[in-house]
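Data block below; observations after.
The values are calculated or read from the model by the stated rules, or taken from the named source; none is laboratory data. Given the structure is predicted, the values throughout are model-derived calculations rather than measurements. Here the Cβ positions follow ideal geometry from the backbone for every residue, glycine too, while neighbour counts run over all protein chains shown. Note: areas computed on protein heavy atoms with side chains; ligands, DNA, RNA excluded. Shrake-Rupley method; radii C 1.70, N 1.55, O 1.52, S 1.80 Å.
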Amino acid sequence: MADEQTLDTQTPEANSAAETASGEDLATRVQVLEEQLAAAQDQSLRVAAELQNVRRRAEQDVEKAHKFALEKFANDLLPIVDSLERGLELTSADDESIKPVREGMELTLKLFHDTLKRYQLEAVDPHGAPFNPEHHQAMAMQESAHVEPGSVLKVFQKGYLLHGRLLRPAMVVVSKAPSETPPSIDEKA
């Protein structure tokens, strides 16, 4: 019986120690699970945000693909427009023998311009405008006292924009200030 009393007296203390240990263990486990839950929720939010970003980027890529799908084709057509314009520049409007050919070229060129405009392909013809390195390519510089330095004097080839994005820069001659001529021998004397 004494053994039973010893066991009974040890059991409440052991039980309370076991409960305290299991209570601490449960609190630790709850804390660990809460941290894991917070990490999982954070990861879930990040995955949702990344998915939204991927979806938005894909939509933008599709929009750009539709918008600029004609870029390569338009680049291939521009030399034809240039040739028609050059042909009209080199022919005389007064020459009766080539008048029908010239009229056909003018109509064809007008049709090309109308078609390009319909697909938001704009010509960049900067004659007299200030030089813009984003839309113009300087082929040469020429001294000029008549226009402000940095202005476009001559356009060798028009540039083109497709939906506002540069397709081909305009090839231009840019003005520069006239250089001062050194005094002649007569002026020195």
Check: Roughly what % of DSSP beta bridges within the stretch 81-189 run antiparallel, to the nearest 5?
Finding: 65
Check: When all protein chains stay in place, what accessible area (Å², nearest 10, 1.4 Å probe) is found for ASP82?
Finding: 10
Next item on the list: Return the distance in nm (one decimal) between the two label points of a simple spin-label model at ASN53 and LEU166, each offset 7 Å from Cα along Cα→Cβ.
Entry: 3.0
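When the accessible area of the stretch 37-83 is computed with all protein chains present and a 1.4 Å probe, what percentage of it is carbon and sulfur?
Numbers: 2210 of 3790 Å².
Carbon with sulfur: 58 percent of the solvent-accessible area.
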Checklist line | For LYS154, solvent-accessible area (1.4 Å; no DNA, RNA or ligand), Å² | finding: 110
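At 0.36 nm per residue, minus the direct Cα-Cα distance, what do GLN31 and GLU71 gain on full extension? Give it in nm, one decimal, please. Intermediate results must be reported in sequence, preceding the final value.
Values: separation 40, 0.36 × 40 = 14.40 nm, distance 5.91 nm.
Full extension of this stretch gives 8.5 nm more.
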Checklist line | Qualifying GluC sites (Glu not before Pro) in the stretch 80-189, DSSP loop, other Cβ atoms within 10 Å at most 14 | finding: GLU96, GLU134, GLU180
Notebook entry, point to check: Roughly how many Å² is the accessible area per residue of the stretch 51-114, as a whole number, for a 1.4 Å probe?
Noted result: 76
Item checked: Spacing of the two label points (7 Å from each Cα toward its C-beta) at LEU45 and ARG118, in nm -> 5.2
